[in-house]
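Structure first, then comments.
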Amino acid sequence: MLKETMMTFDTARIRKDFPILEQQVYNKPLVYLDSAASSQKTLTVLKKEEQLHLEYYGNIHRGAHYMADKATADFEAVRDEVKAFIHASRREEIIFTKGATEGINLVAFSFGEAFVRAGDEIIISEMEHHSNIVPWQMMAARKGAVIKVLPFDDDGRLQTEKLDKLISGNTRLIAVTHVSNTLGTINPVKAITAKAHQHGIPVMVDGAQAVMHLAVDVQDLDADFYVFSAHKMYGPNGVGILYGKEGWLERMPPYQGGGEMIGEVKFEGTTYQTTPYKFEAGTPNINGVIAFGEAVRYLQQFNMDDVHRHESELLACCTRRMMNIPGMRIYGTRPEKSGVITFNVEGVHPYDLGVMLDKTGVAARSGRMCADPVMDHYQIPAAVRISFAVYNTLDEIDRFIEALTRVIALFK
Ligand SMILES: Cc1ncc(COP(=O)(O)O)c(C=O)c1O
């Protein structure tokens, strides 16, 4: 049954789109299991960047020549593609950033300036990536606001029933991850936005670990803000998206000043563009955004439910086999989970495990996963994480389990 379903998801064909995966490292076939940190880029993405630089590079929105016009048209076309990809209602709601982190900083700063006062409260969850904690802390310090934390259970379930108690008349925003980068939990975002909106509170969703695994419809989720990064979805690094409902964006001040975001500049005072340009100061990552369009197109060829099914099968198979290893502890075991396994093995330091796995050709992540509160929850110094993408195979799981077993044996 497993094999049959896997065959309908043609990984052999998919891997041809990622030639980097075919190489050997330390004379061993590469097994790339670190896509949650950064996925590999499709050949179409790489070729698009090259084509742009070889054929029609020019600065956007300001040129009166062929190169600038063509670059501008392609750049703006990507806004429309992203709008369709996440089912936003208007292209003005799509803001290009340099990544999820910048998107969150933008909202924290700009929303904070407009709507947060001393004594107000922001709710974030215990399972957030540092990028969805620190910008809120910085804003809270500036405005005299307070951060409240929604905890999770040991198995990785967000305790959403506690929202009722956490929400108060002073709550100004809830910021929550769609999918945890450490636990893999897929959070019930739609239920969270429904609850928040009953109280008139907007929700910012960190989709950095979601958009490449799940079909995302920001209108269906009813997210007020939604951020993600291109480099985790087979696209270039240095590009990201902030989606924001126009009603909020219109009322938020610019995040940075500079070129492009202005209406008219006078020494006596400056007027600003409307959204999205109000939030896109300076020359953006032109080649990155245009190449990102190829990544969006690449993902759109799949039914995202098939992607989720494929990665879930890898997850289930790998988890089952890992659980047979004595001393194995997996953090995050919810049924609603994406293709991420964070773990430790009793008696082996995660850094040693990561380094030794690397020598077998397996690229895993070891460390604190940019999620100190999650490490603190389990009172562990660090952990190892593997993560799956469209190009991973059951054969790679075999090689990973074999490598892991051999490495662990060295420490016993
Ligand atoms: C859940 C989550 N949020 C935010 C980020 C930050 O993304 P970036 O570094 O691309 O801005 C990451 C990156 O790992 C992440 O996993």
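Worth a mention:
- Rounded to the nearest Hz, the phi-derived 3J(HN,Hα) couplings of region 341-350 under the Karplus curve 6.51 cos²θ - 1.76 cosθ + 1.60 (θ = phi - 60°) are 10, 9, 8, 9, 10, 3, x, 10, 6, x, where x marks glycine and proline.
- Vicinal HN-Hα couplings computed from phi for region 50-58 (Karplus, 6.51 cos²θ - 1.76 cosθ + 1.60; Hz; Gly/Pro x): 5, 4, 4, 5, 7, 10, 8, 5, x
- Rg/Rh for the chain, where both radii come from Cα atoms and Rh is the Kirkwood radius: 0.98
- Looking at region 248-314, the chymotrypsin sites (Phe, Trp or Tyr not before Pro) that sit in a DSSP loop and have at most 13 other Cβ atoms within 10 Å of their own Cβ are Phe267.
- FRET efficiency estimate (nearest 0.05) - Cβ-Cβ, Asp164 to Asp305, R0 30 angstrom: 0.40
- For Leu54, the shell of other residues with beta-carbons less than 12 Å away shows a net charge of -1, using +1 for Lys and Arg and -1 for Asp and Glu.
- With the helix formula -39500 (n - 2.57) applied to DSSP H stretches of n ≥ 4, the chain reaches a computed 222 nm mean residue ellipticity of -11500 deg cm²/dmol.
- Gaussian network model of the chain, Cα within-10 Å springs - most flexible of Ala382, Ala36, Ala208: Ala382
- Between the alpha-carbon centres of region 302-374 and region 37-76 there is a gap of 36 Å.
- Looking at the chain, the DSSP beta bridges with both ends there are about 60 percent antiparallel.
- Amide H contacts of Met328 (H built 1.01 Å from N, under 5 Å, at least 5 apart or other chain): Glu346
- Long-range HN-HN contacts of His61 with modeled amide H, under 5 Å: Thr72
- Per residue, the solvent-accessible area of region 246-294 (1.4 Å probe, heavy atoms of protein chains only, all protein chains present) comes to 50 Å².
- In this Cβ point-charge picture (+1 for Lys and Arg, -1 for Asp and Glu), the chain has a dipole of about 600 debye about its Cα centre.
- Hits among lysines - C-alpha to C-alpha of Lys70 under 21 Å, sequence gap 8 or more where chains match: Lys47, Lys48, Lys83
- Amide H within-cut-off set for Lys148, under 5 Å, with H built and near neighbours excluded: Ile122, Ile123, Ile124
- Of His87, His199, His53, the one that fluctuates the most in a GNM where the chain has Cα springs shorter than 10 Å: His53
- Formal net charge of residues neighbouring Lys195 (Cβ-Cβ distance under 14 Å; K, R +1; D, E -1): -1
- Under 24 Å between alpha carbons - lysine pairs in region 192-299 that sit 8 or more apart or on different chains: 4
- Choice from Ala316, Ala145, Ala37 with maximal GNM fluctuation in the chain (Cα, 10 Å cutoff): Ala316
- Converting phi to 3J(HN,Hα) with the Karplus coefficients 6.51, -1.76 and 1.60 and the offset θ = phi - 60°, region 132-148 yields 10, 10, 4, x, 6, 5, 5, 5, 4, 5, 5, 9, x, 8, 10, 9, 10 Hz in sequence order, with x at every glycine or proline.
- Using C-alpha pairs under 8 Å with a sequence gap of at least 6, the mean separation divided by the residue count of region 24-134 gives a relative contact order of 11 percent.
The values are calculated or read from the model by the stated rules, or taken from the named source; none is laboratory data. This one's a predicted model, so the numbers in the text were calculated from it and none came from an experiment. Glycine also receives a Cβ, built like all others from the backbone with ideal geometry; neighbour counts cover every protein chain displayed. In case anyone asks, the SASA skips ligands and DNA or RNA and just uses the protein heavy atoms, side chains included. Shrake-Rupley method; radii C 1.70, N 1.55, O 1.52, S 1.80 Å.
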